[in-house]
Protein chains: 2
Amino acid sequence: MAKDKKLVESITSMEDDFAQWYTDVVKKAELMDYSSIKGCMIFKPAGYAIWENIQQELDRRFKETGVQNVYMPMFISEGLLNKEKEHVEGFAPEVAWVTHGGLNQLQERLCVRPTSETLFCDFYKNDIQSYRDLPKVYNQWCSVVRWEKETRPFLRSREFLWQEGHTAHATEQEAQERTEQMLNVYADFCEEVLAIPVIRGQKTEKEKFAGAKATYTIEALMHDGKALQSGTSHNFGDGFAKAFGIQFTDKNNQLQYVHQTSWGLSTRLIGAIIMVHGDNSGLVLPPQIAPVQVMIVPIQQQKEGVLEKANELYEALKGTLRVKVDDSEKSPGWKFAEQEMRGIPVRVEIGPKDIEKGQCVVVRRDTREKYQISFDELQQRLQELLDTIQSDMYQRAKDHRDSHISDAHNYEEFQEAIAQKPGFVRGMWCEEQACEEKIKEETTATSRCMPFQQEQISDVCVCCGKPAKKLVFWGKAY
Amino acid sequence: MAKDKKLVESITSMEDDFAQWYTDVVKKAELMDYSSIKGCMIFKPAGYAIWENIQQELDRRFKETGVQNVYMPMFISEGLLNKEKEHVEGFAPEVAWVTHGGLNQLQERLCVRPTSETLFCDFYKNDIQSYRDLPKVYNQWCSVVRWEKETRPFLRSREFLWQEGHTAHATEQEAQERTEQMLNVYADFCEEVLAIPVIRGQKTEKEKFAGAKATYTIEALMHDGKALQSGTSHNFGDGFAKAFGIQFTDKNNQLQYVHQTSWGLSTRLIGAIIMVHGDNSGLVLPPQIAPVQVMIVPIQQQKEGVLEKANELYEALKGTLRVKVDDSEKSPGWKFAEQEMRGIPVRVEIGPKDIEKGQCVVVRRDTREKYQISFDELQQRLQELLDTIQSDMYQRAKDHRDSHISDAHNYEEFQEAIAQKPGFVRGMWCEEQACEEKIKEETTATSRCMPFQQEQISDVCVCCGKPAKKLVFWGKAY
């Protein structure tokens with residue numbers, strides 16, 4: 001039992017130090033490791049398997065909306081990066097530059113893509129000629145590089161994995177519809193699959209993407225009350241099209257500029273899963289995304305018939321559930337602790353006495369509730385239990401999020417809320433950037449989004465007292 | 001009809017100029033495009049979709065053998081790359097170097113991975129402590145960069161997509177078994193899924209991977225008689241382990257070095273699909289890998305009921321087949337030419353007369369045979385037809401390959417065979433590198449592999465006449 005305790009005790013409690021708890025869970029659940037390349041991480045099998053499930057489900061949802069996958073080069077020439085002025089100003093300070101190929105210096109340096117708008121524009125410029133070539137609804141799964149100074153596993157690293165969609169449309173309206181459609185795909189995915197409730201809204205001018213006309217975002221609330229931007233979708237209008245000369249001949253034989261969008265979601269979502277659902281025993285994975293949904297742990301496995309029965313259950317369940325048997329030489333207690341640390345949603349315990357009674361013990365990871373379930377009913381009850389866990393996890397996360405939203409009607413209330421109540425603060429805003437800047441400087445909170453569901457909770461800006469124009473969700477953010 | 005001809009006529013015939021035919025097919029089947037970044041390619045939807053199918057099927061086969069996916073950083077520090085002497089000598093001349101991060105020069109330059117042995121070793125060094133941590137059977141799907149001077153779509157580009165498996169084992173025997181196992185996974189995949197027959201064998205000392213103890217390969221024969229190395233699997237012994245200090249405590253509490261393997265397969269296989277199966281109308285895809293297996297082409301689609309029936313067939317088939325309806329405004333002839341160019345295995349033509357008769361016309365892409373099939377039987381007959389096409393394509397490729405293997409018993413025969421008969425030449429070899437070098441210099445042929453199925457077709461080396469030790473497949477290669 002000494003060993004079992006050791007695993008749980010090896011993580012800091014989240015109440016003591018949330019940041020350290022996070023790092024400990026990442027390490028002890030074996031999701032990720034630091035590499036010797038500063039700021040770059042190693043996705044270990046348990047971490048990468050979550051990303052594979054995210055990819056598979058999101059890719060399926062993309063394709064249902066007509067998305068096609070492609071792959072662009074990882075390099076962008078300096079000249080290409082410089083073509084759209086706001087975009088290059090946003091990204092040039094944080095790119096990695098390749099200056100030599102083999103033994104020779106390059107004539108023009110290349111950056112490793114921080115994002116691929118410029119590459120897609122360079123391609124669309126030649127590939128789009130006529131309205132018949134539109135729309136283009138392309139996406140790629142890849143890694144990108146941003147030379148961050150401070151890094152944290154999943155949340156911020158110099159290289160990270162993501163998908164980036166890049167579309168081109170004949171009309172402004174179609175581009176706007178696609179921008180919103182993809183934000184909704186992200187939001188539904190987070191809520192239905194990751195059990196993470198999100199606020200859907202628009203970024204302010206100050207917080208929008210470099211080069212975008214409008215940026216939309218989904219914002220989630222972590223257990224410590226900080227916000228995490230969890231996916232963004234941008235409408236570029238015809239700004240990039242004009243910078244790159246992407247034109248098409250319309251049905252009336254007139255030359256027109258295309259309207260473009262881009263949208264991205266990254267491995268940072270794995271950080272959100274940890275920080276929304278995790279507890280002091282480690283990770284808690286929503287069943288829909290868990291690489292292993294059910295871990296069968298044989299008790300007294302050396303006794304005749306125990307391993308056989310465990311494997312029999314495995315064979316019966318594997319067709320419909322992602323299930324494993326832990327038949328290692330470790331003690332049952334150690335196996336329990338490991339299954340909990342790794343966030344596997346359900347544990348099935350089976351020992352000689354259970355077999356005699358024709359049943360096994362089933363334990364939920366999220367609530368630790370235990371059930372005695374007969375072998376006959378096991379498959380059906382497990383499926384129901386996983387569904388229940390999934391919806392309970394969403395409801396708990398939503399209750400937590402909703403109980404961490406407070407309203408501020410003036411600056412005093414605002415400052416107090418940000419300082420005293422971790423979570424989102426709702427406050428009206430005059431749409432002046434000066435107020436955003438003052439708030440950020442004085443409280444470290446930023447505008448997270450202007451939610452699609454607007455309300456008028458006060459008539460004046462929470463900062464300056466001038467007439468209010470927009471309801472904003474404010475918060476400290478990762 | 002002018003337009004229909006235009007599409008077919010736009011590709012060079014393979015008999016006139018095979019290299020140009022290849023480039024034309026890549027372009028006209030819309031598989032890939034050149035980017036403005038020299039030597040880097042753009043995977044267009046039709047090309048990337050083939051890679052997705054390769055990934056999906058190969059990944060499934062990997063996981064059945066216990067492989068786990070991970071993701072390592074894309075950068076390797078110069079110091080890390082330099083750790084294994086033979087390895088760095090093989091790769092350093094062709095890597096891309098990152099020297100600046102943002103506005104600052106890096107203290108140590110980083111190369112973009114040309115392959116990731118050094119990164120996996122750096123990780124295993126810390127992650128492996130005990131025999132309980134073994135084996136490690138990891139793989140990653142990623143892109144790698146090699147600064148090639150000459151590039152060709154799919155076959156050779158500065159950045160390409162691949163998977164690279166990297167394993168660590170307690171014993172030499174286990175490493176050898178894994179090396180051979182993965183080569184067989186590759187070979188079976190090529191033959192069963194891509195309908196490409198391969199020769200399985202071992203590379204000579206001269207041709208093996210930089211740092212490997214032994215390299216195994218699968219070699220395929222293209223339509224023009226040139227060989228294509230289609231996948232390799234390496235046994236490193238304990239060479240990397242000693243260079244990186246990867247040790248574990250065995251069951252007797254003794255420190256031991258691990259034994260390692262790596263194995264890779266890349267997007268170059270798409271080049272093989274084109275060059276093994278393609279014809280003068282374009283691409284011909286094996287049904288198992290084709291992103292679209294059946295294209296339904298409505299004839300006189302403006303007539304009442306035609307599109308409805310086409311969509312009805314689509315709905316009936318889509319559950320079991322990858323099927324599409326081409327309901328664009330193009331002429332049927334143009335649609336036929338496009339479907340042929342893109343290599344879609346089967347076309348279903350359906351017009352008003354067919355509907356009256358309760359049947360449709362089904363055309364094979366590979367042989368152009370036509371069948372009248374009643375709607376009732378369509379699903380079953382299509383499934384059977386796809387299976388037939390798959391096995392026929394394999395058999396034709398194998399017949400072509402086998403008819404392009406000649407035996408040489410002396411240097412005169414060898415030179416004549418290489419010069420006159422495109423294909424593999426089987427010849428005995430004394431195991432001296434000098435003979436390989438002479439053959440390469442005088443004939444441009446290289447040793448492709450020493451096949452696992454050895455035969456003694458002569459007692460003397462085909463080059464020097466000294467006693468023969470090994471049967472070798474020789475050939476000109478991509």
Return only the number of the condition from (1) facing chain B (nearest Cβ under 7 Å); (2) over 21 Å from B:Ala46 (Cβ atoms); (3) not polar (S, T, N, Q) that A:Lys83 does not satisfy. (1)
Of all residues in segment B:66-86, which are touching a strand residue (DSSP E or B) at 6+ places or on another chain (Cβ under 9 Å) and open to solvent by 50 Å² or more (accessible area, probe 1.4 Å)? B:Gln68, B:Glu78
Restricting attention to segment B:152-181, the residues that are over 23 Å from A:Leu161 (Cα atoms), crowded, with 18+ Cβ neighbours inside 10 Å and in contact with a Gly (Cβ under 8 Å, 6 or more places away or on another chain) number exactly 4
A:His223, sole failed condition from (1) outside any loop (DSSP other than H, G, I, E, B); (2) open to solvent by 40 Å² or more (accessible area, probe 1.4 Å); (3) over 27 Å from B:Tyr48 (Cβ atoms): (1)
Yes/no for A:Phe120 being open to solvent by 10 Å² or more (accessible area, probe 1.4 Å) and within 14 Å of chain B (Cβ to nearest Cβ): no
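Return the residue satisfying two criteria in turn: it lies in segment B:229-266 and is in a strand (DSSP E or B) and more than 26 Å from B:Gly201 (Cβ to Cβ), and of such residues it is least open to solvent (accessible area, probe 1.4 Å). Working first, answer last.
Of all residues in segment B:229-266, those in a strand (DSSP E or B) come to B:229-237, B:247-249, B:255-257, B:259-266.
Of the ones still in play, those that are also more than 26 Å from B:Gly201 (Cβ to Cβ) are B:247-249, B:255-257.
On the way: B:Gln247: 59, B:Phe248: 6, B:Thr249: 43, B:Leu255: 111, B:Gln256: 76, B:Tyr257: 75 Å².
So the residue we want is B:Phe248.
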Just to check your reading of the model, which residue among A:Val297, A:Val276, A:Val292 is part of a strand (DSSP E or B) and in contact with a Lys or Arg (Cβ under 9 Å, 6 or more places away or on another chain)? A:Val297
Can you name the residue in segment A:419-435 that is surrounded by fewer than 22 Cβ atoms within 10 Å (Cβ to Cβ) and aliphatic (A, V, I, L, M) and, of all such residues, is nearest to A:Glu205 (Cα to Cα)? A:Ala434
Residues of segment B:390-405 being farther than 15 Å from B:Gly278 by Cα and buried (at least 18 other Cβ atoms within 10 Å of the Cβ), in sequence order, are B:His404
Just to be sure I understand, how many residues within segment A:9-25 are closer than 17 Å to A:His277 by Cβ and surrounded by 12 or more Cβ atoms within 10 Å (Cβ to Cβ)? 9
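Tell me whether segment A:26-44 contains one or more residues that are in a helix (DSSP H, G or I), open to solvent by 10 Å² or more (accessible area, probe 1.4 Å), facing another protein chain (nearest Cβ under 8 Å) and in contact with a strand residue (DSSP E or B) (Cβ under 8 Å, 6 or more places away or on another chain). Lay out the reasoning, then the answer.
Initial filter on segment A:26-44 (in a helix (DSSP H, G or I)): A:26-28.
Among the residues that remain, those that are also open to solvent by 10 Å² or more (accessible area, probe 1.4 Å) are: A:27-28.
From the residues that got through so far, the ones that are facing another protein chain (nearest Cβ under 8 Å) too are none.
No, segment A:26-44 contains no residue that is in a helix (DSSP H, G or I), open to solvent by 10 Å² or more (accessible area, probe 1.4 Å), facing another protein chain (nearest Cβ under 8 Å) and in contact with a strand residue (DSSP E or B) (Cβ under 8 Å, 6 or more places away or on another chain).
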Criterion first (assigned to a loop (DSSP other than H, G, I, E, B), farther than 24 Å from B:Met295 by Cβ and hydrophobic (A, V, I, L, M, F, W, C)) does B:Val462 satisfy it? yes
Output the number of residues of segment A:96-117 satisfying the condition of being in contact with a Gly (Cβ under 7 Å, 6 or more places away or on another chain) and at the interface with chain B (Cβ under 7 Å from one of its Cβ atoms). 1
Exactly one of A:Thr204, A:Thr215 is open to solvent by less than 20 Å² (accessible area, probe 1.4 Å), of a type in the set (S, T, N, Q) and part of a loop (DSSP other than H, G, I, E, B), and that residue is A:Thr204
Checked segment A:53-75 for anything more than 19 Å from B:Ile50 (Cα to Cα), at the interface with chain B (Cβ under 7 Å from one of its Cβ atoms) and in contact with a Leu (Cβ under 8 Å, 6 or more places away or on another chain); matches are A:Phe75
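Taking segment A:1-25, which residues are small (Gly, Ala, Ser), modelled with pLDDT under 95 and part of a loop (DSSP other than H, G, I, E, B)? So that I can check it myself, show each step before the final result.
From segment A:1-25, those small (Gly, Ala, Ser) are A:2, A:10, A:13, A:19; that's our starting set.
Next, from what is left, pick out any that are modelled with pLDDT under 95: A:2, A:10.
Within segment A:1-25, just A:Ser10 meets the criteria.
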How do the strands (runs of 3 or more DSSP E) wholly within segment A:336-451 filter down when requiring 2 or more residues that are under 29 Å from A:Ile270 (Cβ atoms): which remain? A:346-350, A:359-364, A:405-407, A:424-429, A:446-451
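From B:Leu313, B:Leu307, grab the single residue that is open to solvent by 20 Å² or more (accessible area, probe 1.4 Å) and either on the phi > 0 side of the Ramachandran plot or at pLDDT 95 or above (or both). It would help to see each step written out before you state the result.
Values: B:Leu313 fails: open to solvent by 20 Å² or more (accessible area, probe 1.4 Å).
When all the criteria are applied, what remains is B:Leu307.
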Considering every residue within segment B:87-94, establish whether at least one is farther than 20 Å from B:Gly264 by Cα and at the interface with another protein chain (Cβ under 7 Å from one of its Cβ atoms). yes
One residue from A:Phe43, A:Phe91 being more than 26 Å from A:Ile273 (Cβ to Cβ), touching a Ser or Thr at 6+ places or on another chain (Cβ under 9 Å) and of a type in the set (Phe, Trp, Tyr): A:Phe91
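The values are calculated or read from the model by the stated rules, or taken from the named source; none is laboratory data. If you're wondering where the values come from, they're calculated on a predicted model, not measured in any experiment. Glycine gets a Cβ as well: all are built from the backbone with ideal geometry, and neighbour counts include every protein chain shown. Note: areas computed on protein heavy atoms with side chains; ligands, DNA, RNA excluded. Shrake-Rupley method; radii C 1.70, N 1.55, O 1.52, S 1.80 Å.
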